1. Tell me which residues, restricted to the stretch 62-103, are of a type outside the set (A, V, I, L, M, F, W, C), within 23 Å of Gly12 (Cα to Cα) and in a helix (DSSP H, G or I).
2. Is at least one residue of the stretch 105-117 assigned to a helix (DSSP H, G or I), within 13 Å of the chain's Cα centre (by Cα) and either aromatic (Phe, Trp, Tyr) or surrounded by 17 or more Cβ atoms within 10 Å (Cβ to Cβ) (or both)?
3. Filter the stretch 1-39 down to the residues that are hydroxyl-bearing (Ser, Thr, Tyr), farther than 16 Å from Ala52 by Cα and surrounded by 10 or more Cβ atoms within 10 Å (Cβ to Cβ), then identify the one that is modelled with the highest pLDDT.
4. Looking at Leu55, Leu89, Leu50 in this structure, which one is among the aliphatic types (A, V, I, L, M), within 21 Å of Gly20 (Cα to Cα) and touching a Gly at 6+ places or on another chain (Cβ under 8 Å)?
5. Take the conditions of a type outside the set (A, V, I, L, M, F, W, C) and in a loop (DSSP other than H, G, I, E, B) and apply them to Asp26. Does it pass?
6. Any chance you could count how many residues in the stretch 51-65 are crowded, with 18+ Cβ neighbours inside 10 Å and in contact with a strand residue (DSSP E or B) (Cβ under 8 Å, 6 or more places away or on another chain)?
Amino acid sequence: MSTPSRADCGDGAGIALTDGTIHHQDIRRALGMPRTIPEERLVPVLDFSLGAPTLPSKSNRRGLKLAATDVDWSTGDGPEVCGTGEALLMAVAGRPAALGELEGEGLATLHSRVEGR
């Protein structure tokens, strides 16, 4: 079985990969079993999540620059929020538990959006 890539992530595949990745990390985080998501999976999920209609990512990241510290990925303009790609993914997807793993001048804005839901 091949690893999904950006080119593979049409709407259906993108939704499945993104949903599966986020829920997988929800479970791992709750059980205290961290896992590093391979970059070739994480980057397409980060990209897709920002426009996914079922996630609050688009509104959560509005006006912010997100910058991953562990993979080559960033997006947006404005006050920066930095952290691992996984923590950024989880936070913009509305998971408050990941906020403590992030930093930057835009963190207060992201925090208020995620916690305000």
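1. Gly85, Glu86 - these are the residues of the stretch 62-103 that are of a type outside the set (A, V, I, L, M, F, W, C), within 23 Å of Gly12 (Cα to Cα) and in a helix (DSSP H, G or I).
2. Within the stretch 105-117, one or more residues are assigned to a helix (DSSP H, G or I), within 13 Å of the chain's Cα centre (by Cα) and either aromatic (Phe, Trp, Tyr) or surrounded by 17 or more Cβ atoms within 10 Å (Cβ to Cβ) (or both).
3. Thr36
4. Of Leu55, Leu89, Leu50, the one residue that is among the aliphatic types (A, V, I, L, M), within 21 Å of Gly20 (Cα to Cα) and touching a Gly at 6+ places or on another chain (Cβ under 8 Å) is Leu55.
5. When the stated conditions are applied, Asp26 does not pass them.
6. Qualifying residue count for the region: 2.
The values are calculated or read from the model by the stated rules, or taken from the named source; none is laboratory data. If you're wondering where the values come from, they're calculated on a predicted model, not measured in any experiment. Virtual Cβ from ideal backbone geometry, glycine too; neighbours counted across all protein chains shown.
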